[in-house]
Amino acid sequence: MKVSAPDGVKVYNVSSGKSLPAWLSEKKKRSLKKDEDYRRQVELIQDLEFPAACHRMKATPDGQFLFATGIHAPRLRVYELGQLSMKFERHFDAEIVDFQVCWENAGDDAG
């Protein structure tokens, strides 16, 4: 990510850095944590947008999922952070004022 400040206004260019190929092994990706260019890289979550506004965002304790609520058609979206993509979306009849993530590592209970 490159930052420039023409006229005192910061402009962030998130597409100017190097990208890693999808076929790169997890072991190689972990070894890149010492690489300065890799550490400064920004990864964006696909479809992280709402028509009007997003009011609340909460992550699961294990950091695998992000829950986000929005308005103008009230909705809840769940994003899988490991895949950087939306897992599912639910629409509601009324605005979501607040919510709690009740999460006991779902992978442990799967059988």
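The values are calculated or read from the model by the stated rules, or taken from the named source; none is laboratory data. Just so it is clear, the structure is predicted and the values come from calculations on it, not from any experiment. With ideal geometry, Cβ positions are generated from the backbone for all residues, glycine too; neighbour counts draw on all protein chains shown. Surface areas here come from the heavy atoms of the whole protein model, side chains and all, with no ligands, DNA or RNA. Shrake-Rupley method; radii C 1.70, N 1.55, O 1.52, S 1.80 Å.
Computed with every protein chain present, the accessible area of Val9 is close to 90 Å² [probe 1.4 Å]. Near the amide H of Ile71, within less than 5 Å, lie the amide hydrogens of Ala52, Ala53, His55, all on another chain or at least 5 residues away, with H placed in the peptide plane. Spin-label pair Cys54-Lys87: with each label point 7 Å from Cα along the Cα-Cβ axis, the two points sit 1.5 nm from one another.
Per-residue surface analysis assigns Arg30 an accessible area of about 140 Å², computed on protein heavy atoms at 1.4 Å probe radius.
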